[in-house]
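Bear in mind that the values in this text are calculations on the coordinates, not laboratory data. Please read all numbers here as calculations on a predicted model, not as lab measurements. Neighbour counts are summed over all protein chains in view; Cβ atoms, including those assigned to glycine, are modelled from backbone coordinates with ideal geometry.
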Amino acid sequence: MASAAEQLASNLNFSAFAKAEDLKKRIWFTIGALLVYRLGTYIPLPGINPDAFAQAFSSQSKGVLGMFNMFAGGAVQRMAIFALGIMPYISASIIMQLMTSVIPSLEALKKEGEQGRKVINQYTRYGTVLLALVQAYGISVGLENGNGIVSDPGMFFRISTVVTLVGGTMFLMWLGEQITARGIGNGISLIIFSGIVAGLPHAISGTLELGRTGALSTGLILAIIVLAIVVIALIVFFERAQRRLLIQYPKRQVGNRMFQGDTSHLPLKLNTSGVIPPIFASSLLLLPATVAGFSQTTNMPAWASTILASLGHGQPLYMAFYAAMIVFFAFFYTAIVFNPKDTADQLKKHSGFIPGYRPGERTADYIDYVLTRITVVGAIYLVLVCLLPEFLISATGVPFYLGGTSLLIVVSVTLDTVAQIQGHLIAHQYEGLIKKSKLRGGRKPDEVDFAWAAGGGQGDTSTKTGRKTRHTPALDG
C-alpha cells in the first residue's frame, strides 16, 4: 500500500511546481553550477599541444584513461583543467570508509554523530588533496615523456600543471558541496552524472549516422533502443527494491501514562553496495592494458601478449574475471558499509526487537542471514547489467557503448534527484495547507483570541470584521 507521501507525490502538478519559488531557485542554481563545470572541461592546461595529446590519447582510450574520461565528461581527452575530475574525492571517500572499519579511533568518530562526521569529512578533504597531488604530478611527468605534447618541459611546467589540476579538483569538490547545500540532489553525484550524460548525444548521433549509411540495420538500432529501455526499467526496479524486516517496540510507561507499542520496518536495500563494485572491477581489469600501452614495448613476451589479448573486451576470460570481481566487491563493500551487530545493538538500545528473535546476538545473526541472501541477488543483478553491453558489443559490433557502470550511475542519480524534488514539492504543499488552516502557532492582533478555552471560560470575542461570535463553555473532564 502506498504511503501518504507517495499518494501526495502522485498528485503533484505543474501549478504546485510553479508556486514553489525556493525549489525553482535551487534548480536554477544547480543548472548554473553544472554549466560552470562543463565550461571548465573545455579549458586546456597551459603549455601543452592539444592535437598531439589527442593523438596520444586515442591509443589509450580503451584503458583506464577511457573510463576516467567518461566520468570527467571528456576533460581527460582534452586535458582540461578539470582532467582529474572529482575522482580523487571519490577515492578518498572510499578509502576513509574502509579505514573507519579497521581503525578504532575513526570508528569511534563515526559513532559520535554530526560532529564526528564533520571530522571525517575534513580528513576526506585532506586525503583528496594528497591523492590529487600525486596524480597531478604523475600526469605532468607523463605529459613530458610524450612525443611533442609539452612545448617547454621542465620544473615550471610540472609545478603549474600540479597547481592547475589540484585547484580544479578542489574547485569541483567545493562546487559539489554548494550544489548539495543550495541546490537539488547530491552535488558530487550530479557532477559525475553530467559528465556521463554529456557524451550521450555524440554517441547517439554516431549510431544513427551508421544506420543512415547502412553500416547498422534499422532493426538492430530499434532493438538497441528497446533493450536500453528494458535495462533502465530493470535498474529502477532493483535500485528501489528493499527487504523490510518487521521491528516491534513494546509498551512503555512514562509517568502515569501508558504508551502503546509501535511497529516499524528495517529496510535493507537489495543493492547495498551501489555502483562501487563495477567501478572497482573495471579499474582493475583495465589496468594491465593501460600499463602495456604506456610501456610501448615491441618485444613483449608471448605469454604476456596472450594474457592481454584474453583480457580484451568481449573475451571469455575478461567476462569471467569481470563477473567474479563484481560479486567479490559487492559482498566486500556491503560488509564495510553495513554492520549487522551495530544495527542489532541500536535496536536493543531503543527497546526494539524482531519478532521471533532475541535482541542482541540472535538479532544480528538474523540480519546478517537476510543481508547475505539479498546481496547474492544484488550481485547477480549487477553482473547482468554490466555484462550485457559486453555481450552486445562482441556479438553485434555496435560502437555505441551502453556501459553498465555509467547506466547505473545515471539512473541512480536521476532517481535520487527526482525524489528530492518531490520532497521539496510535498513540503511546499504541506506548508500551504498549514497557512490555509492557520496552524502556524503565531497569534496576530486582528485574529480571534481563543485563549479563553484553556481556562474554561466563555464569552464573546470580536473578529476583525466587528462581528460578535458566541462561544461554548469548555468541557470539563
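What to note about this one:
- What the Cα atoms of segment 131-207 give is an Rg and a Dmax of 16.6, 45 Å.
- When each of 25/349; 25/110; 110/348; 24/111; 25/269 is checked by Cα-Cα distance, pairs over 30 Å: 25/349; 25/110; 24/111; 25/269
- Residues with amide H under 5 Å from that of residue 247, placed H, sequence gap 5 or more: 264, 265, 266
- Within-12-Å neighbourhood charge of residue 361 [Cβ basis; K, R +1; D, E -1]: +1
- Anisotropy class of segment 170-238 from Cα gyration tensor, a/c 1.5 cut: oblate
- Inter-site label distance for residue 21 and residue 361 at 7 Å from Cα along Cβ, in nm: 6.1 nm
- Modelled label reach - residue 393, point 7 Å along Cα→Cβ, segment 226-242 residues with backbone N closer than 15 Å: none
- According to the Kirkwood relation over distinct C-alpha pairs, the hydrodynamic radius of segment 27-167 is 16.7 Å.
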